[in-house]
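*Asks:* My structure is below; once you've seen it, I'll send some questions.
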Amino acid sequence: MASPLRVAIAGLGTVGGGVANLLSTNAALIASRTSGRGVELVAIADQRPHDDLKQEFGPSLGNSQYFADAVDMARSGCADVVVETIGGYGIALQVGEEALRSGASLVTANKALLAVHGENLAVMAEGTGTSIGWEAAVGGGIPCIKVLREGLAGNNVRYAAGILNGTCNFILTTMKETGRDFDDVLAEAQSLGYAETPPDLDVDGIDTAHKISLVAAVATGCKPAFDSVHVEGIRAISGADVSLADKLGFSIKLLGIVSTESDGTVKQRVHPALIPVTAALGATNGVLNGLFSVGDFVGPVFSQGPGAGRDATASACVADILDIARGNHVPTFGMPFGDLDTMVTSGMESREGRYFVRCASGEEGGVRNALQDSSVEVEISAELDGSVGFITGSVAENIIMSTIGDRASMIRVEGPW
Ligand code: HSE
């Protein structure tokens, strides 16, 4: 029987500590699911003193060797798999590169690292015949990358939309349920440990952009193209938007969306969107994440679960570790890197869809006239507390923008799916 898979964890923070705990708590189950091979934690790296870690994590650390320097640990060749849970792409990148160079596989929850440096790392992994497991980087504990990359491997996926940031979803859900304001709810999300540091990465949409660029690579068979993601966050969403959308039967969500258009171009975008409360994504609330994908043979597929948090994220990391222990090797983005196309993208001006338009009640007549003059249908409207909201029929984005000018604000409506 093969000897146990040797695992090293770089960074014993929330996620790294969760991985150590899960490996220890479910060791017997993990041994069974790797045909008796098992997984052994052989090394840990953290800036905190070893004694502090032993006190915090106790028996979960087993007989692992301690390194104060994560790069030294990755370089040492002590492990078959290095789990990088440091975050960012400073030291984390060095850890990833040294791990792959040493012949170890890499497991990471680090979406920023892969979105920005995924190409280099994927090529390195192919060169050394190792794997990069990154299930935890998108959707936290949901096995949504496996769904897309493995489960839908026989499909063309021309549309995928996800709620991929638990912090934003928590904020928008809580604003809707309680009427509290944005800053107040953000502070609570931070205290619950959901938010990135700084939270701008969450609320300005960058975290979701990292994630959707990775989903896009797998869905389209193109190299990750993070720089071409259109990104808008949720700071401008007001209580009036949330309440009016609710009255009209919609939830406001921060979505990451990738679509292949009829001309073959790819749109990658992150922005708030109204979606029907009855849609699976519309009912994905709180810290939950969800990914909705449409395969040309299977049709719509939806995965939902906890998008952040220690145990959920550890669950996804450990699934990747088990894949490696079992010898399941899948190319980083679903096909050999050299076979991935270069993404040809298109911008938001050519988006066609429905829009939620909101104005002060006193502007209603003028906005209705302008919409009519531009032949934009109004499907439904509602009034609440001095504001009016309209849901338009499908129209090109450049037309809606020039029609409403600065008399009204707009949020895109996504679907129907
Ligand atoms: N800050 C992220 C979120 C953590 O809120 O979803 C998980 O990637």
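*Asks:* Given the criterion open to solvent by 70 Å² or more (accessible area, probe 1.4 Å) and assigned to a loop (DSSP other than H, G, I, E, B), identify the matching residue among Ser375, Ser402. Steps first, please.
*Replies:* Working: Ser402 fails: assigned to a loop (DSSP other than H, G, I, E, B).
Every option except Ser375 fails the conditions.
Every residue, every condition in (1) in a loop (DSSP other than H, G, I, E, B); (2) touching a Ser or Thr at 6+ places or on another chain (Cβ under 7 Å); (3) closer than 21 Å to Arg358 by Cα, yes or no:
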{"site": "Ala236", "(1), (2), (3)": "yes, no, yes"}
{"site": "Ser243", "(1), (2), (3)": "no, no, yes"}
{"site": "Leu254", "(1), (2), (3)": "no, yes, yes"}
{"site": "Lys267", "(1), (2), (3)": "no, yes, no"}
{"site": "Ala273", "(1), (2), (3)": "no, no, yes"}
{"site": "Leu291", "(1), (2), (3)": "no, yes, no"}
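*Asks:* Turning to a different aspect of this structure: Specify which of the listed residues (Val7, Val95, Val82) is assigned to a helix (DSSP H, G or I), within 20 Å of Gly129 (Cα to Cα) and either touching a Cys at 6+ places or on another chain (Cβ under 7 Å) or touching a residue at least 60 places away in the same chain (Cβ under 8 Å) (or both).
*Replies:* Val95
*Asks:* Regarding the range 112-126, can at least one residue be identified that is touching a Cys at 6+ places or on another chain (Cβ under 6 Å) and within 12 Å of the ligand (Cβ to nearest atom)? Spell out the reasoning first.
*Replies:* Taking the range 112-126 as the starting set, the residues that turn out to be touching a Cys at 6+ places or on another chain (Cβ under 6 Å) are none.
No, there is no match, as no residue in the range 112-126 is touching a Cys at 6+ places or on another chain (Cβ under 6 Å) and within 12 Å of the ligand (Cβ to nearest atom).
*Asks:* Still on this structure, please answer the following. Is it true that some residue in the range 36-47 is without any contact (Cβ under 8 Å) to a residue 24 or more places away in the chain and farther than 14 Å from Arg6 by Cα? Don't jump to the end; show me each part of the working.
*Replies:* The first filter runs over the range 36-47 and keeps only residues without any contact (Cβ under 8 Å) to a residue 24 or more places away in the chain, leaving 47.
From what is left, the residues that are farther than 14 Å from Arg6 by Cα are 47.
Yes.
*Asks:* Could you say whether any residue in the range 299-314 is surrounded by fewer than 13 Cβ atoms within 10 Å (Cβ to Cβ), touching a Cys at 6+ places or on another chain (Cβ under 9 Å) and under 30 Å from Arg158 (Cα atoms)?
*Replies:* No: zero hits.
*Asks:* Does any residue of the range 208-218 turn out to be under 17 Å from the mean Cα position of the chain (by Cα), open to solvent by 10 Å² or more (accessible area, probe 1.4 Å) and charged (D, E, K, R)?
*Replies:* At the first step, the residues of the range 208-218 found to be under 17 Å from the mean Cα position of the chain (by Cα) are 208-218.
Okay, now just the ones that are also open to solvent by 10 Å² or more (accessible area, probe 1.4 Å), so 210-211, 218.
Filter once more, keeping what is charged (D, E, K, R): 211.
Among the residues of the range 208-218, at least one is under 17 Å from the mean Cα position of the chain (by Cα), open to solvent by 10 Å² or more (accessible area, probe 1.4 Å) and charged (D, E, K, R), which makes the answer yes.
*Asks:* Right, next: Within the range 51-70, which residues are among the hydrophobic types (A, V, I, L, M, F, W, C) and surrounded by 18 or more Cβ atoms within 10 Å (Cβ to Cβ)?
*Replies:* Just the residues of the range 51-70 that are among the hydrophobic types (A, V, I, L, M, F, W, C), to begin with: 53, 57, 61, 67-68, 70.
The answer is Leu53, Phe57, Leu61, Phe67, Ala70.
*Asks:* Further question on the same structure: So which pairs qualify, if the first residue must be in the range 143-166 and hydroxyl-bearing (Ser, Thr, Tyr), the second must be more than 16 Å from the ligand (Cβ to nearest atom) and open to solvent by 30 Å² or more (accessible area, probe 1.4 Å), the Cβ gap must be under 6 Å, and the two must be at least 6 apart or on different chains?
*Replies:* Close Cβ pairs (under 6 Å, with a partner that is more than 16 Å from the ligand (Cβ to nearest atom) and open to solvent by 30 Å² or more (accessible area, probe 1.4 Å)) amount to Tyr159/Val294.
*Asks:* Could I ask something else about it? Restricting the range 158-196 to residues that are of a type in the set (Ser, Thr, Tyr) and in contact with a strand residue (DSSP E or B) (Cβ under 9 Å, 6 or more places away or on another chain), which is most open to solvent (accessible area, probe 1.4 Å)?
*Replies:* Tyr159
*Asks:* Could I ask something else about it? Is it fair to say Ser381 is open to solvent by less than 60 Å² (accessible area, probe 1.4 Å), in contact with a Phe, Trp or Tyr (Cβ under 6 Å, 6 or more places away or on another chain), more than 21 Å from Glu232 (Cα to Cα) and at pLDDT 95 or above?
*Replies:* Numbers: open to solvent by less than 60 Å² (accessible area, probe 1.4 Å): yes; in contact with a Phe, Trp or Tyr (Cβ under 6 Å, 6 or more places away or on another chain): yes; more than 21 Å from Glu232 (Cα to Cα): yes; at pLDDT 95 or above: yes.
So Ser381 passes the test.
*Asks:* Oh, and also: Check whether at least one residue in the range 336-356 is over 31 Å from the mean Cα position of the chain (by Cα) and of a type outside the set (Phe, Trp, Tyr), and report yes or no.
*Replies:* Within the range 336-356, the first condition is being over 31 Å from the mean Cα position of the chain (by Cα), and the residues that meet it are none.
No, because not a single residue in the range 336-356 is over 31 Å from the mean Cα position of the chain (by Cα) and of a type outside the set (Phe, Trp, Tyr).
*Asks:* Now, a different point. Grab the helices (runs of 4 or more DSSP H) fully contained in the range 139-222, keeping just those with 1 or more residues being within 16 Å of the ligand (Cβ to nearest atom) and modelled with pLDDT under 95. Outline the logic, then answer.
*Replies:* On the way: elements: 166-178, 182-191, 200-203, 206-220.
Passing ranges, in order: 166-178, 182-191, 200-203.
The values are calculated or read from the model by the stated rules, or taken from the named source; none is laboratory data. Predicted model only: the values in this text are computed from it and were never measured. Counting neighbours? That spans all protein chains shown, and the Cβs are built from the backbone with ideal geometry, glycine included. Calculation scope for accessible area: heavy atoms of the full protein, side chains included, ligands and nucleic acids excluded. Shrake-Rupley method; radii C 1.70, N 1.55, O 1.52, S 1.80 Å.
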